[in-house]
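Some notes on the structure that comes next.
The values are calculated or read from the model by the stated rules, or taken from the named source; none is laboratory data. Small disclaimer: the values here were computed from a predicted structure and weren't measured. Methodologically, a virtual Cβ is constructed for each residue, glycine included, from the backbone with ideal geometry; neighbour enumeration extends over all protein chains shown.
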Amino acid sequence: MKRRDFSIQLAAAGVGLTLAGSARAQGAPAEGRDYVRLSQPAPVTLPGPDKKVDVVEFFWYGCPHCNVFEPILDAWSKRLPADVAVRKVPVGFTARHQLGQKMFYALEETGQLEALHRRTFTAIHVQNVPLNTEAQMTAFVAANGGDAEKFSAAFKGFSVNTKATRARQLSDAYKIDGVPAVGIQGRYFTSGALAGSHERALKVTEYLIDLARKA
């Protein structure tokens, strides 16, 4: 989903991925076609000295393509070498996206992310539950067995606002203008729209992980 005119992109992106995939020649990924190399490196965050490569999934809860990509990426990430760290970063293109950012980080802050992350996607894209306001998000947390009081406090708190600001800075540094997208080691990014499909985007990511190691 693109930063601008994202409502129109929702209808068109699925067709675009199909056409791009059918036209994509197989073989080694090509810079400028399957992935982008950043002219200025983006910040890299690793959780410990045992991790060497930083992989970032950029997403938005309201994006249907992110909903499809999420389980594919999660299954893929379990097969990665131990030195690769994968983290999720919600984008904040508009005020509506920024509410989703705060929901993600409030869930993380209160230890409820693992239980409610996938449920959030399901609620929006399968159950048609509106999660467009803080009140709706808090009610969703309560309805799914979470601690709504802690969530609401975190949602308004300094830590969540700081994390959301840093997430926007990171997506800007990677020059992300659509989701889902994957950033690698602060140097490259790819996406299903670039690579031709979600699955091939992860193949390209594996190629870029190898490039990052060699660098």
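Numbers at a glance
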| read-out | value |
| --- | --- |
| Residue check, GLY157 in contact with a Gly (Cβ under 9 Å, 6 or more places away or on another chain) and of a type outside the set (Ser, Thr, Tyr) | no |
| Residues located in segment 120-147, provided they are assigned to a helix (DSSP H, G or I) and surrounded by fewer than 18 Cβ atoms within 10 Å (Cβ to Cβ) | THR122, HIS125, GLU134, ALA135, GLN136, ALA139, ALA142, ALA143 |
| Complete set of residues in segment 158-182 that are in contact (Cβ under 8 Å) with a residue 40 or more places away in the chain and aromatic (Phe, Trp, Tyr) | TYR174 |
| Close pairs (8 angstrom Cβ cut-off, 6 or more residues apart or separate chains): closer than 8 Å to GLY146 by Cβ and free of Cβ contacts under 8 Å to residues at least 40 places away in the same chain in segment 103-116, among the small types (Gly, Ala, Ser) and surrounded by fewer than 19 Cβ atoms within 10 Å (Cβ to Cβ) anywhere | ALA115/GLY145 |
| Entirely in segment 1-118, the helices (runs of 4 or more DSSP H) that have 2 or more residues that are hydrophobic (A, V, I, L, M, F, W, C), within 29 Å of VAL141 (Cβ to Cβ) and modelled with pLDDT under 95 | 6-23 |
| Pick from segment 153-198, criterion among the hydroxyl-bearing types (Ser, Thr, Tyr) and buried (at least 22 other Cβ atoms within 10 Å of the Cβ), ranking: farthest from PRO43 (Cα to Cα) | SER191 |
| Selection from segment 172-204 of residues that are in contact with a Pro (Cβ under 9 Å, 6 or more places away or on another chain) and of a type in the set (S, T, N, Q) | GLN185, THR190, SER191 |
| Residue selected from segment 87-119 under the condition surrounded by 21 or more Cβ atoms within 10 Å (Cβ to Cβ) and among the hydroxyl-bearing types (Ser, Thr, Tyr), by the criterion nearest to THR165 (Cα to Cα) | TYR105 |
| Meets criteria (in contact with a Leu (Cβ under 6 Å, 6 or more places away or on another chain) and not charged (D, E, K, R)) for GLY183 | no |
| Subset of segment 168-215 (residues that are in a loop (DSSP other than H, G, I, E, B) and modelled with pLDDT of 95 or more) | TYR174, LYS175, ILE176, VAL179, PRO180, GLN185, GLY186, ARG187, GLY196, SER197 |
| Criterion (over 17 Å from the mean Cα position of the chain (by Cα) and either more than 17 Å from GLY100 (Cα to Cα) or without any contact (Cβ under 8 Å) to a residue 24 or more places away in the chain (or both)) met by exactly one of ALA193, ALA201, ALA212 | ALA212 |
